[in-house]
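**Q** Below is the structure I would like to discuss, written out as structure tokens.
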């Protein structure tokens, strides 16, 4: 890859990250303004924000380990490896982590305002979201290891780990929709 392309990629990535931060900041300002204003439909609006954040978080949590599968099979220092490093970092920092933060902040408010933190189903859901957050942290550690060209897990590991967010997501959805307990 030529230096011109690397500089262009960096500028484009920087602009994308800057736009993502602006959107995140705008969304946070809107959410805080809605909480202060407290219109009658606030709960429904925040529920919509929560669902959007969950979808974004889950999309990234399902895609990132797939990138790790590809990354673990590429030669260290190759152009593909370097491209995957950029893709993984942007996905994690620009999409997954902000989406997780919004999910937690708005979700806790919804649990307090809508349910007063009552119900076994809600506590099981929160426990599963904590587990999903731990997986998120695990992916962050893997991201740092891949960035340093340290590959301690084979592609098979990442294929298996890719199922963990799916299982947690199914459990969380059942707790929220069915409320079996």
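**Q** Tell me, what is the FRET efficiency for residue 86 and residue 108 to the nearest 0.05, using R0 = 25 angstrom and their Cβ-Cβ distance as r? Show your work: numbers first, answer last.
**A** Values: r = 33 Å, r/R0 = 1.31.
That gives a FRET efficiency of 0.15.
**Q** Using only alpha carbon pairs under 8 Å that are at least six residues apart, calculate the relative contact order of the chain and give it in whole percent.
**A** Details: 126 pairs, mean separation 55.2, N = 181.
Worked out over the chain, it gives 30 percent.
**Q** Hey, with R₀ at 41 Å, roughly what FRET efficiency would residue 30 and residue 130 work out to, going by the Cβ-Cβ distance, to 0.05?
**A** That gives a FRET efficiency of 0.95.
**Q** Now, a different point. Using only the Cα atoms of segment 40-85, each taken as one equal point scatterer with no solvent, compute I(q) by the Debye sum, divide by I(0), and report log10 of the ratio at q = 0.16, 0.17, 0.22 Å⁻¹.
**A** -0.57, -0.59, -0.74
**Q** Same structure again: Cα centroid distance between segment 39-111 and segment 135-158, in Å?
**A** Going from one Cα centre to the other spans 16 Å.
**Q** Moving to a separate point now. Got the relative contact order for segment 101-181 handy, in percent, Cα pairs under 8 Å and 6 or more residues apart?
**A** Numbers: 30 pairs, mean separation 40.9, N = 81.
With pairs under 8 Å counted, the relative contact order is 50 percent.
**Q** Can you compute the helix-only [θ] at 222 nm over the chain? Use -39500 (n - 2.57) per DSSP H run of at least 4 residues, normalise by all residues, nearest 500 deg cm²/dmol.
**A** Numbers: 7 runs with 147 residues, N = 181.
The per-residue figure over the chain is -28000 deg cm²/dmol.
**Q** Related question: Convex hull over the Cα atoms of segment 3-177, averaged projected area in nm²? Could you put the intermediate results ahead of the total?
**A** Values: hull surface 43.5 nm².
Result: 10.9 nm².
**Q** Computed over the Cα atoms of segment 102-181, what is the ratio Rg over Rh, Rh following Kirkwood? Don't skip to the answer; put the middle values down first.
**A** On the way: Rg = 15.7 Å, Rh = 14.3 Å.
Rounded to two decimals, Rg over Rh is 1.10.
Throughout, read-outs are computed from the coordinates displayed, never taken from laboratory work. From a predicted model like this one, the values you see are computed outputs, not experimental measurements. Reconstructed Cβ throughout: ideal geometry from the backbone, glycine too, with neighbour counts over all protein chains shown.
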